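Following: one structure in structure tokens, then a few remarks.
Each reported figure results from applying straightforward, stated rules to the coordinates on display, with no laboratory input. Everything numeric here is computed off the predicted structure, so don't read it as measured data. Cβ placement follows ideal geometry from the backbone for every residue including glycine, while neighbour counts extend to all protein chains displayed.
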Amino acid sequence: MYTIVWLDAMHYKVKDGGRTESEGANFWLSVLTDLKVRGMKDVLIACIDNLTGFAEAISTIFPEVIISNCIIHQIRNSLKYISSKDQKEFMSDLK
């Protein structure tokens, strides 16, 4: 069992079978299926970047998993609600 697994999107232009692979839910479902086939029995907590369909893909393979949004992504998403002139002070306070 893996206690915590961090899964994050990395964008590479790689062709597989003559086409570029995208990072949708189906892509992650195949990655997670492969990990399970290779011996990963279970995951307690999965920290993800909240890609659409990502949580559902993980839950399909590991039904008991607890999904958590990565703190870095939570901070980045929060910054869009703070005016640019106040972001530096916000980040300083957050530290």
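Numbers for the structure displayed
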quantity	calculated
Loop chymotrypsin sites (Phe, Trp or Tyr not before Pro), region 24-69 (other Cβ atoms within 10 Å of the site Cβ: 11 or fewer; DSSP)	none
Gain on full stretching of the segment that runs from HIS73 to GLU89 - 0.36 nm per residue minus C-alpha separation	3.9 nm
Protection proxy ranking, peptides 43-53, 62-72, average beta carbon neighbours within 10 Å, highest first	43-53, 62-72
Estimated vicinal HN-Hα couplings, Hz - region 73-78 in sequence order (Karplus 6.51, -1.76, 1.60; Gly, Pro = x)	5, 5, 5, 4, 5, 5
Projected label distance in nm at THR33 and TYR81, using a 7 Å step from Cα toward the beta-carbon	3.7
